[in-house]
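The values are calculated or read from the model by the stated rules, or taken from the named source; none is laboratory data. For clarity, every value in this text was computed on a predicted model and none was experimentally measured. Here the Cβ is made from the backbone with ideal geometry for all residues, glycine too, and neighbour counts use every protein chain on show.
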Amino acid sequence: METRLRAVLPDQQLIRLYEQMVLSREFEESCAEQYTKGHITGFLHLYSGQEAVAVGATAGLHKDDYILSAYREHAQAIVRGADPKRVMAELFGKSTGICKGKGGSMHLFDPSLNFMGGYAIVGGQFPIACGLAFSAKYRGEDRLAACFFGDGAVNQGTFHEGLNWARLWELPVLFVCENNFYGIGTEVHRSSAIPDIHKRTCGYDIPSEKVDGMDVLAVYAAVKRAAEWVREQSRPYLIEAVTYRFRGHSMADPAKYRSAAEHEVWKARDPIPAFSKRLLEEGIVTQPQLDAILEKARAKVNEAVTFAEESPWPEDGAVWEDIYV
Amino acid sequence: MSEMTYRDALNLALKEEMRRDPSVVTFGEDVALYEGSFKVTRGLLAEFGEERVKDTPISENTIVGVAVGAAMGGLRPVAELMTVNFALLAMDQIVDHMAKIRSMFGGQTFLPMVVRMPGGGGSQLGAQHSQSLETYFMHCPGLRVVYPAFPADAKGLLKSAIRDNNPVIFLEHELLYNSKGEVPDDPEFLVSFGRANVVKEGTDVTIVAYARMTVLALQAAAELEQAGISCEVVDLRTLNPLDTETMIASARKTGRAVVVEECWRTAGLGGDLAHRIHEACFETLLAPVKRVAGLDVPMPYSRKIEKLCIPQPESIVAAVKEVLHGN
Ligand SMILES: Cc1ncc(C[n+]2csc(CCOP(=O)(O)OP(=O)(O)O)c2C)c(N)n1
Ligand SMILES: [Mg+2]
């Protein structure tokens, strides 16, 4: 039996989770459109389908906790509080972007939100998360580093180096694997000797668990519990959130390696309608309220697109800026 | 002033900076209990304790990455890689992260970190332990690259590196650790980046060098002096920022230049330096700039033939004579 939502969080917060998932989805679908129009160029990896992970996990963390992620990180940044206008402007390559147009889709960053970056080298974020956790511990700060990564990243040396290091130095790192079953076109059982990713921490004496990554509340509850444990113990922990991306790896990928049937099974588990259904069933929202949330999200995204379109390009002189202090 | 070795000067710089600033921490393979494979971190664990002086697993990429994260979090980490050769395992964190984070995140953060690495050849350690990779780092924008030749510079540059808010690759030459020199006692003695040092004045030929190559260049210059040839020796001290002005002013004055590098010749940093001199001094040069460089081979073990692969004072002498008199 499903837990009753109200037993976990008050109504307002439940609605907030829903709003964030809807905003994330609308943002990503708008990005796809802007990419097709040629306004967004380069690599574009969309998050549609995985929203429950970013939204549930972020809600389970403190604002002081660091978040690091890979290159599929728009939603993570926005849910953490990044202004969609400035994120969209970044994707457009405009000077008003969150990284002044120097980062792009894969390198969002906002230290004022403790959002410590999107990294495009698979596995690059593990050591950095350990370093941030070390600095927090050294300085006596009550915060952890939440490190998001994909199922493909667990085969990098940095994953294993990072797990070993975090356990050895007793660092407050919460590892969150978003297992969407694919690293580009390679399914997890073709790349990982143990496809149950959470089991891979046993060699490092790091506790771990698997959670339904299509269930925002399940992710929230697991992350909240784990984060408290990490903070109290000053020890690492790993959560494997099982999820699915509805689009190809990037906009360049037609995802021919997946069957339509498989896709349908996961589409039927779309975290957004799954959650709205429960919100309705428990009488937490009404249909008109849900419609209004969608409208509001769309308006916000449209506003972001307009802002990005109207923003100026970086000056030529910017190429020499911000390299050295 | 006190006379001390290059090793002790580095050690003193670490101690002084750790005393001065509690956000300075140091870690690496065998740096704490074992006190460093070259003993540069001797006495640090005893003075500063386990919190600030830490042994790490043999995970070079993660050593650098942890320093990156710690720097982003507000510390001033000084990471040690046991030798520069192992930096190749850390090139992802060095080139893709340490060098790029500030720029690709739009200047919203900075990395006040140092990665120290002993390096260079000449100790019969074989192909995998004798490399000179300074060009690799110098090639990559976003890094500072420091390579001292003398104990005083070792101290002053390391202190500057630790206080600098940019990520610094700090190279130390293994064959210089026991070399001695006068070192200022002042704990505020710093050597600024981007200022080459004219370590010997002369009139006939400029020799541009760095680290151990500067020491060899001085030996060559002393020998040439006997033959009535006056060399000016420019020690670059930092490869990034590069003080082209001092190097070019000297070449302009003497009209001839020899560039000495320990790394492989092909696409080595000496080609870049020589080009800069040619471009700036073409009109006034009396001869094309000569390069003295490491041979383009994986380093052999046998000391008889290893010597052939690394610039020697004799090869510098020969190059100076060539720029003076032609082949
Ligand atoms: C070091 C490195 N190797 C290869 C790539 C190319 N690449 C980009 S994403 C990716 C797949 C990663 O899959 P996963 O970790 O599961 O993340 P997901 O894309 O599913 O979110 C690969 C191989 C890269 N960016 N970095
Ligand atoms: Mg994946």
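On the phi > 0 side of the Ramachandran plot and within 16 Å of ligand 2 (Cβ to nearest atom), is that true of A:GLY49?
In short, yes.
From A:ALA252, A:ALA221, A:ALA261, A:ALA292, grab the single residue that is out of contact with any Asp or Glu (no Cβ under 6 Å at 6 or more places or on another chain), assigned to a helix (DSSP H, G or I) and touching a residue at least 40 places away in the same chain (Cβ under 8 Å).
The conditions single out A:ALA221.
What about B:ARG116, is it touching a residue at least 40 places away in the same chain (Cβ under 8 Å) and either more than 14 Å from every other protein chain (Cβ to nearest Cβ) or farther than 25 Å from B:SER160 by Cβ (or both)?
yes
For A:THR306, work out the one condition from (1) more than 16 Å from ligand 2 (Cβ to nearest atom); (2) farther than 26 Å from A:ARG86 by Cα; (3) away from every other protein chain (no Cβ under 14 Å) it doesn't fulfil.
(2) is the only condition that A:THR306 fails.
Scan A:ILE184, A:ILE121 and give me the residue that is among the aliphatic types (A, V, I, L, M), within 16 Å of ligand 2 (Cβ to nearest atom) and within 8 Å of chain B (Cβ to nearest Cβ).
A:ILE121
Return yes or no: is A:ALA226 aliphatic (A, V, I, L, M) and more than 22 Å from A:LEU163 (Cβ to Cβ)?
Criteria not met by A:ALA226.
Consider the stretch B:121-169. How many of its residues are among the small types (Gly, Ala, Ser), assigned to a loop (DSSP other than H, G, I, E, B) and more than 21 Å from B:GLY107 (Cα to Cα)?
7
Here is a check on your reading of the model: is A:HIS198 of a type outside the set (Phe, Trp, Tyr), within 15 Å of ligand 2 (Cβ to nearest atom), touching a residue at least 12 places away in the same chain (Cβ under 8 Å) and assigned to a helix (DSSP H, G or I)?
yes
What pairs come out if I take residues in the stretch A:145-165 that are within 7 Å of chain B (Cβ to nearest Cβ) and pair them with residues that are within 14 Å of ligand 1 (Cβ to nearest atom) and of a type in the set (A, V, I, L, M, F, W, C) whose C-beta lies under 6 Å away, six or more apart or interchain?
Filtered contacts from the stretch A:145-165: A:THR158/A:PHE126; A:GLY162/A:PHE126.
Would you mention how many residues in the stretch A:52-85 are within 15 Å of ligand 2 (Cβ to nearest atom) and surrounded by fewer than 24 Cβ atoms within 10 Å (Cβ to Cβ)?
Total meeting the criteria: 1.
In the stretch B:53-86, how many are touching a residue at least 60 places away in the same chain (Cβ under 8 Å), outside any loop (DSSP other than H, G, I, E, B) and more than 7 Å from chain A (Cβ to nearest Cβ)?
4
Going by what's in this entry, would B:GLU262 be described as in contact with a strand residue (DSSP E or B) (Cβ under 8 Å, 6 or more places away or on another chain), under 11 Å from B:ILE207 (Cα atoms) and acidic (Asp, Glu)?
no
Pick from B:GLY74, B:GLY69: which is closer than 30 Å to A:SER95 by Cα and surrounded by fewer than 19 Cβ atoms within 10 Å (Cβ to Cβ)?
The unique qualifying residue is B:GLY74.
Testing A:GLU141 on (1) among the acidic types (Asp, Glu); (2) within 16 Å of ligand 2 (Cβ to nearest atom); (3) facing chain B (nearest Cβ under 10 Å), one condition comes back false. Which one is that?
Failing condition for A:GLU141: (2).
Condition first: more than 16 Å from ligand 2 (Cβ to nearest atom) and outside any strand (DSSP E or B). Now tell me which residues in the stretch A:144-157 satisfy that.
A:LEU144, A:GLY157
Of these, B:ARG52, B:ARG42, which one is farther than 16 Å from A:LEU171 by Cα and at pLDDT 95 or above?
B:ARG42
Tell me which of these A:LEU108 doesn't satisfy, since it passes every other one: (1) in contact (Cβ under 8 Å) with a residue 12 or more places away in the chain; (2) away from ligand 2 (no atom under 16 Å from the Cβ); (3) outside any loop (DSSP other than H, G, I, E, B); (4) buried (at least 24 other Cβ atoms within 10 Å of the Cβ).
So A:LEU108 meets the others, but not (3).
Considering only residues that are within 16 Å of ligand 1 (Cβ to nearest atom) and of a type in the set (A, V, I, L, M), look in the stretch A:174-218 and name the one that is nearest to the chain's Cα centre (by Cα).
A:VAL176
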